[in-house]
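To keep things clear, I will list the structure first and then write my remarks on it.
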Amino acid sequence: MAKTSKLTIIGSGNAGYTAAIYASRAQLEPTLFTGLEPGGQLSLTTDVENFPGFPEGIQGPELAQKMRKQAERFGTKIIDMVVERVDFKSRPFSMWAGADQYQSEAVIVATGASAKWLGLDSEQRLRGKGVSSCATCDGFFFRGKDVVVVGGGDVSLQDSIFLTKFVTSITVLVRKDAFRASTYMQEKAKKNPKIKFLMNTEVVEVLGEHSVAGVKIKNNKTNEESEILCRGVFVAIGHAPNTDIFKGQLELDVKGYVVLKDGMMTSVPGVFAAGDVHDHEYRQAITAAGAGCAAEIDAERWLEKQEQ
Ligand code: NDP
């Protein structure tokens, strides 16, 4: 027998929790599936200094935990499971997690985005053995070691600065001759004596048998190859939306992001989306939270209309 909700939220990042706080305060008794990374990308980050209301900054996992508590306080039913399959072709909408089927009159998709990988065989073989996409989670294991960080965005530089707490040296590999990171972050990273930069540089191979021993790199201007000895490789090259389960159910753009049609409504009336799963432009904690709020308001109004 399927368990039925009025509103189900898939995902537990800023967008998902904000939608849940609003929906539970509106007495919709929402169900929220946390997914694989409870708290979303916030739980993988360190200092959050640009979320209004925290003048001294706050740790990402702590902010996520506070949002969860706030959603629970107003009655959100939180299920720590991954939704593996959905059927949005008929109403009520169906979702499957573990052995159970869940149904819902309306759904907010807030599954966010996950780290991208370089796509090298050696990278995948050594994942968890020195190759990581989460400096916050794994930095501790590289105490006293040399590491490389791949990517020239804010996350790469933020991760590098964080890693200086543990490691001896960091070489940041940037594939172009320019950073994508903000000037503020570049200046902060450049001031740190443990961090150096190699521009126009790509990783050709991650070296090592059972654990990372180094990287083979190529300067893409000169085609010159060389090796860096290191014990860790942190890949920070951006994210891709978590939309595999929505293929064939919701309209997605060429990069896989959910397409919004009317406000926060997707191509399926009654299914809404919020946060990094549709937003490849702003991707901030606060914009995701705002989108979660907007999606909930749209869902609430849509549900009201169905009852008229
Ligand atoms: P970004 O997309 O901003 O940067 C990705 C970086 O990785 C770019 O330098 C990109 O290079 C590089 N890259 C992409 N693919 C590859 C590849 N295959 N091989 C090598 N390099 C590659 O992603 P981030 O994750 O850094 O940031 C995401 C968003 O979060 C951004 O909007 C950022 O501003 C924001 N953010 C803001 C913070 C803040 O404090 N305000 C902190 C952290 C993140 P190229 O430029 O060549 O494409």
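The values are calculated or read from the model by the stated rules, or taken from the named source; none is laboratory data. What you see is a predicted model; the values in this text were computed from it and never measured. All Cβ positions, even for glycine, are placed from backbone atoms using ideal geometry, and neighbour counts span all protein chains on display. Surface accessibility is based on the protein's heavy atoms, side chains included, excluding ligands, DNA and RNA. Shrake-Rupley method; radii C 1.70, N 1.55, O 1.52, S 1.80 Å.
Couple of notes before you dig in:
- Hits in the range 2-55 (condition: part of a helix (DSSP H, G or I), at pLDDT below 95 and open to solvent by 30 Å² or more (accessible area, probe 1.4 Å)): 41, 43, 44
- Residue in the range 118-128 that is open to solvent by 60 Å² or more (accessible area, probe 1.4 Å), within 14 Å of the ligand (Cβ to nearest atom), acidic (Asp, Glu) and assigned to a helix (DSSP H, G or I) present: no
- Failed item in (1) under 23 Å from residue 242 (Cα atoms); (2) touching a Leu at 6+ places or on another chain (Cβ under 7 Å), with residue 6 passing the rest: (1)
- Residues that are without any contact (Cβ under 8 Å) to a residue 40 or more places away in the chain number at least 1 in the following strands (runs of 3 or more DSSP E) confined to the range 188-250: 195-198, 201-207, 214-219, 225-229.
- Filter result (open to solvent by 10 Å² or more (accessible area, probe 1.4 Å), within 17 Å of residue 6 (Cβ to Cβ) and part of a helix (DSSP H, G or I)) within the range 286-308: 297, 298, 300, 301, 302, 304, 305, 306, 307
- Per the listing 238, 263, 256, 248, the residue uniquely closer than 26 Å to residue 7 by Cβ, within 16 Å of the ligand (Cβ to nearest atom) and either surrounded by fewer than 19 Cβ atoms within 10 Å (Cβ to Cβ) or assigned by TED's automatic domain parsing to the domain that holds residue 292 (or both) is 256.
- Against the criterion of being touching a Phe, Trp or Tyr at 6+ places or on another chain (Cβ under 7 Å), modelled with pLDDT of 95 or more and more than 15 Å from the ligand (Cβ to nearest atom), residue 68 qualifies.
- Considering residues of the range 177-187 that are open to solvent by 40 Å² or more (accessible area, probe 1.4 Å) and assigned to a helix (DSSP H, G or I) only, the residue nearest to the ligand (Cβ to nearest atom): 184
- Residue 87 meets each of the listed conditions (1) free of Cβ contacts under 8 Å to residues at least 60 places away in the same chain; (2) acidic (Asp, Glu); (3) open to solvent by less than 60 Å² (accessible area, probe 1.4 Å) apart from (1).
- Scanning the range 145-176 for residues that are assigned to a loop (DSSP other than H, G, I, E, B) and either within 7 Å of the ligand (Cβ to nearest atom) or not charged (D, E, K, R) (or both) yields 151, 152, 153, 164, 166, 167, 168, 174, 175, 176.
- Flag if residue 122 is within 30 Å of residue 204 (Cα to Cα), out of contact with any helix residue (DSSP H, G or I) (no Cβ under 7 Å at 6 or more places or on another chain) and in contact (Cβ under 8 Å) with a residue 24 or more places away in the chain: yes
- Residue in the range 271-285 that is surrounded by fewer than 19 Cβ atoms within 10 Å (Cβ to Cβ), out of contact with any Cys (no Cβ under 6 Å at 6 or more places or on another chain) and modelled with pLDDT of 95 or more present: no
- Residue 171 being among the β-branched types (Val, Ile, Thr) and buried (at least 18 other Cβ atoms within 10 Å of the Cβ): yes
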